[in-house]
Amino acid sequence: MAEEILIVDDEREIADLVEVYLANDGYSVHKFYTASDALACVESTKLDLAILDVMLPDMDGFSLCRRIREKHLFPIIMLTAKIADADKIMGLTLGADDYLTKPFNPLELLARVKTQLRRYTRYNAPREDPGDEIDIRGLTISRASHRCALYGREVALTPLEFSILWYLCAHQGRVVSSEELFEAVWGERYIDANNTVMTHIARLREKLGEPSRRPKFIKTVWGVGYTIEK
């Protein structure tokens, strides 16, 4: 069964081009030019991934991303004409999984779609081992059910956030460098001055209700990386 992908971009030529590339690769595409139409689709269709433009006529893509994340965990890729790091970090902080700056190569977007879908499918697929679970001082994360709970309260994580937290928990007691974490989770080569890991760690801490100065779980080892202590 073909994966269902949402495209939201008011530049019709770009939306049409992306639709052609995705459809030719076998994906089922839902294309819209406004955020309101996209939200209606999100509520009525079981989607596997969304591609959102930042500049939309009725609502900016960041706000749309935030609305989607209130109920849904499928991957989100942002398309932005802005190249400032602050804009990219804002999208990631609001729950986006990846971003691509315009103008972009459609083949690169297609490759990123495949990467996000592989990650999402891998961490949501049923597993034979129901005991694939880690419990650290009240923080429980289960790879079998793809769920995380803190003191019995479920914490909604995106697939990317889940991957980061699982990797840190699985390596409890060891300091994991930003480079190692990025390459293990994103599956790409780490680039110096990459703020992606830091942004997602901040988002994870926020969801876990962790104070930035004295976090209980994800601790920063300055100049080295991150660790969850035993």
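The figures follow:
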quantity: Which listed residue is within 24 Å of Leu73 (Cβ to Cβ), touching a residue at least 40 places away in the same chain (Cβ under 8 Å) and among the small types (Gly, Ala, Ser), from Ala184, Ala149, Ala202, Ala170; calculated: Ala202
quantity: Spans of helices (runs of 4 or more DSSP H) in segment 54-147 with at least 1 residues modelled with pLDDT of 85 or more; calculated: 61-69, 106-124
quantity: Test result for Thr199, hydroxyl-bearing (Ser, Thr, Tyr) and assigned to a strand (DSSP E or B); calculated: no
quantity: Residue match in segment 3-12 (condition: open to solvent by 30 Å² or more (accessible area, probe 1.4 Å) and under 24 Å from Arg118 (Cα atoms)); calculated: yes
quantity: Check on Glu188, of a type outside the set (A, V, I, L, M), open to solvent by 30 Å² or more (accessible area, probe 1.4 Å) and not in a loop (DSSP other than H, G, I, E, B); calculated: no
quantity: Checklist (1) over 16 Å from Leu109 (Cα atoms); (2) not in a helix (DSSP H, G or I) applied to Leu39, failing item; calculated: (2)
quantity: Matching residues, segment 38-56, being open to solvent by 70 Å² or more (accessible area, probe 1.4 Å), in contact (Cβ under 8 Å) with a residue 24 or more places away in the chain and either at positive phi or out of contact with any helix residue (DSSP H, G or I) (no Cβ under 8 Å at 6 or more places or on another chain) (or both); calculated: Lys46
quantity: Members of segment 19-36 that are within 21 Å of the chain's Cα centre (by Cα) and either farther than 19 Å from Leu64 by Cβ or outside any strand (DSSP E or B) (or both); calculated: Leu22, Tyr27, Ser28, Ala35
quantity: Identity of the residue in segment 204-230, of a type in the set (Val, Ile, Thr) and part of a strand (DSSP E or B), that ends up surrounded by the fewest Cβ atoms within 10 Å (Cβ to Cβ); calculated: Val221
quantity: Selection status of Ile201, surrounded by 20 or more Cβ atoms within 10 Å (Cβ to Cβ) and over 15 Å from Thr227 (Cα atoms); calculated: no
quantity: Identity of the residue in segment 152-167, farther than 19 Å from Ile76 by Cα and charged (D, E, K, R), that ends up most open to solvent (accessible area, probe 1.4 Å); calculated: Arg153
quantity: Residue that is nearest to Asp16 (Cα to Cα) [pool: residues in segment 42-53 that are of a type in the set (Val, Ile, Thr) and not in a loop (DSSP other than H, G, I, E, B)]; calculated: Ile51
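The values are calculated or read from the model by the stated rules, or taken from the named source; none is laboratory data. Just so it is clear, the structure is predicted and the values come from calculations on it, not from any experiment. Because the Cβ atoms are built from the backbone with ideal geometry, glycine has one as well, and the counts that use them run over all protein chains shown. Please note that ligands, DNA and RNA were not included when accessible areas were found on the heavy atoms of the full protein model with its side chains. Shrake-Rupley method; radii C 1.70, N 1.55, O 1.52, S 1.80 Å.
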